[in-house]
1. If the requirement is being over 21 Å from the mean Cα position of the chain (by Cα), open to solvent by 100 Å² or more (accessible area, probe 1.4 Å) and not aromatic (Phe, Trp, Tyr), which of these qualifies: Thr67, Thr107?
2. So, Lys30, is that one part of a loop (DSSP other than H, G, I, E, B) and at pLDDT below 85 or not?
3. Restricting to segment 88-108, what's the tally of residues that are without any contact (Cβ under 8 Å) to a residue 40 or more places away in the chain and outside any strand (DSSP E or B)?
4. Can you find, within segment 69-99, the residue that is modelled with the lowest pLDDT among those that are of a type in the set (S, T, N, Q) and farther than 19 Å from Lys49 by Cα?
5. Search segment 52-64 for residues being open to solvent by 40 Å² or more (accessible area, probe 1.4 Å) and assigned to a strand (DSSP E or B), and hand back the single one that is nearest to His99 (Cα to Cα).
6. Please specify each residue of segment 70-82 satisfying the condition of being among the β-branched types (Val, Ile, Thr) and either part of a strand (DSSP E or B) or open to solvent by 30 Å² or more (accessible area, probe 1.4 Å) (or both).
Amino acid sequence: MKKDTIKRIILFSTIILLVGSFPFFFSGCKADKYKVDYCGSKGCYSNAKDSYKAGSKVTLYFELIATDTDYSFTLDGEPVNWSYDDKKGFVIEFIMPEHDVKLECHTRNSMLPQYE
C-alpha cells in the first residue's frame, strides 16, 4: 500500500512540474521577426523571405547576373560581404538585427565609359 502511495505522489508531482513549466518552454521560442525591404527586387533573390527572427543567419542568392555589370550590396547603407557560387550566383549572408532592414543591390555597367 505504501508503494502505491509513493508512486501516486511521484506521478502527481511530475504532472504538476510539467504543467507548471509548460509556459516557460515556449516563452523563449517566440523571437521577434523583422522585415527585409528588398527595394522592389525580392524576385531577384532566391531563398528570400519577407521577415526573419532577430539573430538568425540570412542567406540569399542573387542569380540575375550580367557579364558587363559590376554588383555591390548594402544593408542599411553599409556594404555587405558576399561570396560567389558557380551554380547559385552571389551569396549574400548576414545576421538579422533587431530591426527592419533595407537590402539594396547596386549595379554599374562596366562596359560604358566612366565620366567623372
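1. The conditions single out Thr67.
2. So Lys30 fits the description; yes.
3. 0
4. Taking the candidates together, the pick is Asn81.
5. Applying the filter and picking the extreme gives Lys53.
6. If the condition is that a residue be among the β-branched types (Val, Ile, Thr) and either part of a strand (DSSP E or B) or open to solvent by 30 Å² or more (accessible area, probe 1.4 Å) (or both), then Thr74 is the only one that fits.
The values are calculated or read from the model by the stated rules, or taken from the named source; none is laboratory data. Remember, predicted model here, so these are calculated numbers, not experimental data. No Cβ is skipped: glycine too gets one built from the backbone with ideal geometry, and neighbour counts run over all protein chains shown. Areas reflect the complete protein model, heavy atoms only, side chains present, ligands, DNA and RNA absent. Shrake-Rupley method; radii C 1.70, N 1.55, O 1.52, S 1.80 Å.
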